Amino acid sequence: MKIGDLVQQGTRVIMFKGENAPKKSKRVGVVMEIHEIPVEMLNGRSDWAAVLGRTVDVLWDNGKISKNFAEKSLEVVSEGR
């Protein structure tokens with residue numbers, strides 16, 4: 001994943017099941033910024049960093065910005081240039 005990629009919310013981190021499970025969002029967004037996780041912030045939690053990935057800021061098609069979205073909870077729809 002890189003800045004400029006089009007992304008959608010994926011199901012790699014959490015998948016809801018059951019009758020009352022929320023629907024997967026169909027929104028498309030553009031990756032605006034990617035933040036590396038500083039080693040001192042991991043504090044022995046490198047296993048979580050492997051599961052969630054870096055943090056990503058996304059500008060969604062409705063104009064809202066999501067900051068610090070888990071990288072691995074997003075799926076690349078189209079790669080930017």
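The values are calculated or read from the model by the stated rules, or taken from the named source; none is laboratory data. Computed from a prediction, not measured in an experiment: that's the story for all the values here. Cβ coordinates were reconstructed from backbone atoms using ideal geometry, including for glycine residues, and neighbour counts include every protein chain displayed. Just so you know, the surface numbers come from the protein's heavy atoms only, side chains and all, with ligands and any DNA or RNA stripped out. Shrake-Rupley method; radii C 1.70, N 1.55, O 1.52, S 1.80 Å.
Extension gain, residue 2 to residue 34, is 10.8 nm, computed as 0.36 nm per intervening residue step minus the present C-alpha separation. Computed from the Cβ-Cβ distance with R0 of 25 Å, the FRET efficiency linking residue 54 to residue 19 stands at 0.15. For the set 59, 74, the ranking by accessible area, highest first and with no ligand, DNA or RNA atoms included, is 59, 74 under a 1.4 Å probe.
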